[in-house]
């Protein structure tokens, strides 16, 4: 009996210890909660600079917008004290916060946690009902059913959060998708049911609200589209000149008038990553991918670590837009010729006409050639990826510009300047790019309007042969972009092995400073007629290459 009593005493002591620890944890959580609440309701403005006018903060009430400075109102005794203003602000803020969120903050979830019941996701299943919807939102009726980490809207998800915080958007809002169905039918294609060919987008994303209507209506699960398809007109100044010069002809179907106005089918796509497939595409471990995504986004997505059962991630990055000229169904028809331009965003050139690179000229050339192919009975496609500054961003891009302009702007130093600043030449990593081609049902590319070795190799590795690679015409290359184009040819544009046989490659001009605007000219036929059908993967994976082009 003595030993039994000792055991009971030990158990009791352990229970008391656990209770004490639990109390300590509860107190710590309560303290943290109080601190969070205090931080969120601080409304006192910083001290104004001496002599500057005092402006009272404005709060939005349920009746409209009113200022805390009430001295102008009838019956007001004057401007309220700081304490009164703070108290009113605290009440208003608490009311706003209380109406949106509870006091409990859920930082993460776990697979075996009570109430967690994610909708089954069988990525790669050709039957959308068996595959299941992508569910990522954290609303009260949806959070337990989530099978994805991240948020809708890509980089715009943060504006969504801001809209909720300032009460411009209600958490209870339910989208009304009446009359928003796709304006053109695309697919389904066999590639949609191949979990290895499409890993960076949801192939059923344009149909989600209608395919999974039962989940939305019967279980009140928030399911949203990640793809939208519409029809539109496109008008570019250069294409008006193309019509006037006779390079494009008005047919009333694709080229609508003498202003070069084009009929186009547009497809907007948000990124949806199937993590095992993305990791495999890059040749890395899924666990390493998850950890890197978690660590290098400031720990923003802890469920990447705690929810290994969730395989879908919707990253806060830009997506892509597809521009289809002609019948969209022809993109998948092997009997129709396809002209394709894959273009990575360059805002300075594409939109504002900077002449330091060839981006806008190549984009215009791609559109024009795509239209010509469509007018001949084939298909023309331009795909625009949001990867500004080789996915390094505009800040890094402009820093590189400064370094180039203040130093010796040589083709041989073009990429090194980027590496010196960013630590890497290029972060576009084209391995995920071909997914949209699979989604469009593309099985071969007749004319690839690009000189990029990275894009070429990534597409070919995915089993899509490229029959011809078409460089930008010499007359479309801006004088100030010669350093860029020469450096890219040096780095791998259009088969470096062929360029090495050309005398110009070993010319001292190639590594000399480009004092003359014309720089070094590599004749384009070197790229134009070496276009062999390449149906087997290259030996070096495209995602490991750092060579680059737009």
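With a 10 Å radius around each residue's Cβ, average the other Cβ atoms per peptide and rank 157-168, 218-229, 477-488, highest first. Intermediate values should be presented prior to the final figure.
On the way: 157-168: 12.3, 218-229: 18.6, 477-488: 20.9.
By packing density, highest mean first, the sequence is 477-488, 218-229, 157-168.
Working out 0.36 nm times the residue gap between residue 317 and residue 6, then minus their Cα-Cα distance, what length gain in nm do you get to one decimal? Spell out each step's value before the answer.
Values: separation 311, 0.36 × 311 = 111.96 nm, distance 6.07 nm.
Net length gain for the segment: 105.9 nm.
Compute the length gained on full extension between residue 244 and residue 444: take 0.36 nm times their separation in residues and subtract their Cα-Cα distance, giving the result in nm to one decimal.
Values: separation 200, 0.36 × 200 = 72.00 nm, distance 3.25 nm.
68.7 nm is the gain from fully extending residue 244 to residue 444.
Distance from a point 7 Å along Cα→Cβ of residue 219 to each backbone N in the range 115-137: keep the residues under 13 Å and list them by number.
Correct set: 116-122, 129-137.
Kindly state, to the nearest 0.05, the FRET efficiency for residue 288 paired with residue 167, given R0 = 41 Å and r defined as their beta-carbon distance. The partial results should precede the final answer.
Values: r = 41 Å, r/R0 = 0.99.
FRET efficiency, residue 288 to residue 167: 0.50.
Say R0 is 60 Å: what FRET efficiency, to the nearest 0.05, do residue 159 and residue 474 get from their beta-carbon distance?
Values: r = 43 Å, r/R0 = 0.71.
Computed FRET efficiency for residue 159 and residue 474 comes out at 0.90.
Is the range 195-287 best put as rounded, prolate or oblate by its Cα gyration tensor, with a ≥ b ≥ c the root eigenvalues, rounded for a/c under 1.5, and otherwise prolate when a/b is larger than b/c, oblate when not? Before the final figure, lay out the partial values.
Details: a/c = 4.60, a/b = 1.85, b/c = 2.49.
It is oblate, given that a/c is not under 1.5 and a/b is not larger than b/c.
Place the peptides 316-322, 139-145 in order of packing, highest mean first, counting for every residue the other Cβ atoms within 10 Å and averaging per peptide.
Details: 316-322: 19.1, 139-145: 15.4.
Put in order of decreasing packing, that is 316-322, 139-145.
Please work out the C-alpha center-to-center distance from the range 456-475 to the range 351-381 and express it in whole Å.
Cα centroid to Cα centroid, the span is 15 Å.
Once label points are set 7 Å from the Cα along Cα→Cβ at both residue 403 and residue 300, what is their separation, rounded to one decimal in nm?
Distance between the two pseudo-spin positions: 2.5 nm.
To the nearest Å, what is the center-to-center distance of the range 251-293 and the range 184-234, using C-alpha atoms only?
Going from one Cα centre to the other spans 13 Å.
Please work out the FRET efficiency for the pair residue 376 and residue 179, using the Cβ-Cβ distance as r and a Förster radius of 56 Å; give the result to the nearest 0.05.
Values: r = 34 Å, r/R0 = 0.61.
Using R0 = 56 Å, I get an efficiency of 0.95.
A short reminder: the numbers here are calculations on the coordinates, not readings from a lab. Since this is a predicted model, take the numbers as computed values, not measurements. Methodologically, a virtual Cβ is constructed for each residue, glycine included, from the backbone with ideal geometry; neighbour enumeration extends over all protein chains shown.
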